[in-house]
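The values are calculated or read from the model by the stated rules, or taken from the named source; none is laboratory data. Just so it is clear, the structure is predicted and the values come from calculations on it, not from any experiment. Virtual Cβ from ideal backbone geometry, glycine too; neighbours counted across all protein chains shown.
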Amino acid sequence: MKTKIIAVVGPTASGKTSLGVEIARAVSGEIISADSMQIYKGMSIATAAPSKGEMQGVPHHLVEFLDSSELFSVADFTRLAKEKIAEINSRGNVPVIVGGTGLFIDNLVKNTQFTEAQTDFALRESLMKKSEDELYSELCKIDYEASLKIHKNNKIRVVRALELYYSTGTTKSEQDELSHITESPYDALYIGIAFKDRQRLYDRINKRAELMFENGLEQEARSAYQTAGTTASQAIGHKELIKYFNGEETLEEVKEKLKRETRRYAKRQITWFKRNQSINWLYADEISKEELASKAISISKSFLKEERL
């Protein structure tokens, strides 16, 4: 029997955190965060990491456990998430994966096997000193196929792809081709939150950005900036404020840029998840929050009752 897991997915600000908690409470679940930035300490406002109150007593894993100067790859996530799934399952509970980083979730569910490469910190440091344009141009020459799948402004992922090649001699595309040979041990139910009217989602994003500033985003980002956290400087909500700290933009300009960048990020997330035909979509602008949770819980319980070999 494969291990059953539930994945709650969707764009940023769609309500995944709340829905994940509701599902977990209904099925004796524990949550594993699949957010590439919520893993870091000291960035809870920018990443909208769940507070203790929002967790409602449900155990959460892989949230705010890593220093913001550390890089964290999809291979790292897959390894740790597998360990947490085994632990949760051994307690007789249901693993509920919640997050908007589709790359993390899909590779976990597919049981992608990653090449073991020893981290070369000198190489990483030299790559991180280069501009995003330089790095992306380098990736295009080395692994054009991978460059089509990685946004040029996603410096972390571009660096990881280059690191893989320079450390192992194998491109990311070549590794991806060989990585899905082993059958997945997981039987996954995907539940997605979406909006028929995209503007409703954008309104939520804009409102959340304003709340972030009210809750102290500027102070959080300044602290991260002063400690020179490599990864923190790349996070939406922190990187936009750097120009403000350097006196190059006003706070209002930064706010608008943050809203715009978050909307663009949400659009990329939607594009990613729409390719997955296995997702059970629930539309948050067509039913109430309570009805949405009720439907998601019903789908989850039916899935857990199904006998599959």
**Fill in**
If we keep only residues of region 206-252 that are small (Gly, Ala, Ser) and out of contact with any Lys or Arg (no Cβ under 9 Å at 6 or more places or on another chain), then the residue modelled with the highest pLDDT is Gly216
**Message:** Please verify whether Lys255 is more than 19 Å from Asp35 (Cα to Cα) and surrounded by 17 or more Cβ atoms within 10 Å (Cβ to Cβ), treating the condition exactly as stated.
**Reply:** yes
**Asked** Is at least one residue of region 45-66 touching a Ser or Thr at 6+ places or on another chain (Cβ under 8 Å), part of a helix (DSSP H, G or I), closer than 23 Å to His151 by Cα and in contact (Cβ under 8 Å) with a residue 12 or more places away in the chain?
**Response** no
**Message:** Can you tell me which residue is modelled with the highest pLDDT among those in region 45-83 that are hydroxyl-bearing (Ser, Thr, Tyr) and surrounded by fewer than 19 Cβ atoms within 10 Å (Cβ to Cβ)?
**Reply:** Ser51
**Request:** Find all pairs meeting these conditions: Cβ atoms under 8 angstrom apart; at least six residues apart or on different chains; first residue within region 135-152 and in a helix (DSSP H, G or I); second residue of a type in the set (Phe, Trp, Tyr).
**Result:** Ile142/Tyr165; Ser147/Tyr136
**Prompt:** Conditions: (1) more than 30 Å from Arg25 (Cα to Cα); (2) surrounded by fewer than 16 Cβ atoms within 10 Å (Cβ to Cβ). Ala86 meets all but one. Number of the miss?
**Reply:** (1)
